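The values are calculated or read from the model by the stated rules, or taken from the named source; none is laboratory data. None of these values were measured; they are calculated from a predicted model. Cβ sites come from the backbone with ideal geometry, for glycine too, and all protein chains shown count toward neighbours.
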Amino acid sequence: MLQLQRVPQYLWPICVHTALIATLVTRSTTATSSSDYLVGRNKTVYNPSQLSDGQFLEYSNLSDKQHLREAIKNILIPRVVGTPNHGIVRQYIVQSLRDLDWHVELNGFHDNAPILGALHFTNIIATLNPNAERYLVLACHYDSKYMPGGEEFVGATDSAVPCAMLLNLAKVLQEQLKPLQSSKLSLMLLFFDGEEAFEEWGPKDSIYGARHLAKLWQKEGKLDRIDMLVLLDLLGAPDPAFYSFFSNTEQWYMRMADLETRLSEQHLFERYVNSGVARRDPSRYFQPQALRNSQVEDDHIPFLRRNVPILHLIPMPFPSVWHTTDDNEGVIDYATTNNLALIIRLFTLEYLLGGTKAA
Ligand SMILES: [Zn+2]
């Protein structure tokens, strides 16, 4: 297990729209008992065992890089809410999952946005077992940012790559995930709509889909079914550095860090560590460090406020192309993308199939 250390502040260029680095917490403890592994709003103890060496090798060898590239290409068009392209991308996501035997539900609603006025938004909710009692939720947003000057913005990292990673996970793990079609603990993929602000980021202009869904599920009593919401955002650029943002999911974050270490030690990554593209070499993706009160606003916020455990996979600092037209295919580092997709797949399998140790 890695130990969490203090992050030197000089590592932090100031990011726009985030009030970063409020507090950095030093942690010296890692999970020592199963009671450290708590999930859901009701704090259920859940401690799936780590993947055995056999499972680890078998699952690590599963991949379909061609499919991942194709999925990215299919999503990588301007897809502002309400435009025909937005519908095309939504349909592509929905059909891809239905073809893989997922149960897909569309959660549509109306809201008013600055500049564009009344808009119809649609969250995509895909489950392997719609009647499961508990879910691990993997989430991203599929809309792209509206650019007032009419510039072409395709949002590669924001968030075409994260969406493609989730579709790729469903494709690559199709056989392994089959038992989850009838299990009490299952997997949900959530594609939020309207994450982006149309005019200026604020409580009424941003995360339209997430705000709607968190409120709806609270009313319907469905939030208690979520073990943890893992939110993927701004992925695909080289040399990302992740941090543990929330203490209540820190053990799960460390599981991801451990999987990264295990893959690295067994030389199962492509062109790992330094891509040669970024000037900074973070030496690993999952930093053994905690970053609290970072105030990064994203789709997790309405769920976080309702006490749903959150694991936020967003690099710090953000990719340098963030919210510029350069966030296009040119910024995607496929080795990094494949490596991250692999860590997320292994985490998903470990979480859902690892089995429980005696609590
Ligand atoms: Zn964005």
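Within segment 44-84, being under 14 Å from residue 347 (Cα atoms) and either assigned to a loop (DSSP other than H, G, I, E, B) or touching a His at 6+ places or on another chain (Cβ under 9 Å) (or both) holds for 47, 49, 50, 51, 52, 62.
In segment 179-198, the residue that is farthest from residue 116 (Cα to Cα) out of those that are assigned to a loop (DSSP other than H, G, I, E, B) and not hydroxyl-bearing (Ser, Thr, Tyr) is 184.
Within segment 308-331, the residues that satisfy the criterion of being more than 16 Å from the ligand (Cβ to nearest atom) and farther than 14 Å from residue 257 by Cβ are 308, 309, 310, 329, 330. Looking at segment 132-147, is at least one residue among the hydrophobic types (A, V, I, L, M, F, W, C) and more than 26 Å from residue 307 (Cβ to Cβ)? Among the residues of segment 132-147, at least one is among the hydrophobic types (A, V, I, L, M, F, W, C) and more than 26 Å from residue 307 (Cβ to Cβ), which makes the answer yes. When we screen 89, 94 for residues that are modelled with pLDDT of 95 or more, buried (at least 20 other Cβ atoms within 10 Å of the Cβ) and of a type in the set (A, V, I, L, M), the only hit is 89.
To keep it simple, each residue is scored yes or no on (1) surrounded by 20 or more Cβ atoms within 10 Å (Cβ to Cβ); (2) touching a Leu at 6+ places or on another chain (Cβ under 9 Å).
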position	(1), (2)
152	no, no
163	yes, yes
168	yes, yes
172	yes, yes
183	no, yes
186	yes, yes
196	yes, no
205	no, no
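Quick grid of which residues meet (1) in a helix (DSSP H, G or I); (2) free of Cβ contacts under 8 Å to residues at least 12 places away in the same chain:
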position: 110; (1), (2): no, yes
position: 118; (1), (2): no, yes
position: 144; (1), (2): no, no
position: 152; (1), (2): no, no
position: 159; (1), (2): yes, no
position: 169; (1), (2): yes, no
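Okay, residues lined up against (1) in contact with a Ser or Thr (Cβ under 9 Å, 6 or more places away or on another chain); (2) more than 15 Å from the ligand (Cβ to nearest atom); (3) farther than 30 Å from residue 221 by Cα:
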site	(1), (2), (3)
63	no, yes, yes
90	yes, yes, no
96	no, yes, no
103	yes, yes, no
116	no, yes, yes
142	yes, no, no
153	yes, no, yes
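Within segment 255-265, the set of residues being within 12 Å of residue 51 (Cβ to Cβ) and either part of a loop (DSSP other than H, G, I, E, B) or of a type in the set (A, V, I, L, M, F, W, C) (or both) comprises 259, 263.
Matching residues to (1) crowded, with 22+ Cβ neighbours inside 10 Å; (2) closer than 30 Å to residue 182 by Cβ; (3) among the aromatic types (Phe, Trp, Tyr):
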residue: 306; (1), (2), (3): no, yes, no
residue: 312; (1), (2), (3): yes, no, no
residue: 326; (1), (2), (3): no, no, no
residue: 334; (1), (2), (3): no, no, yes
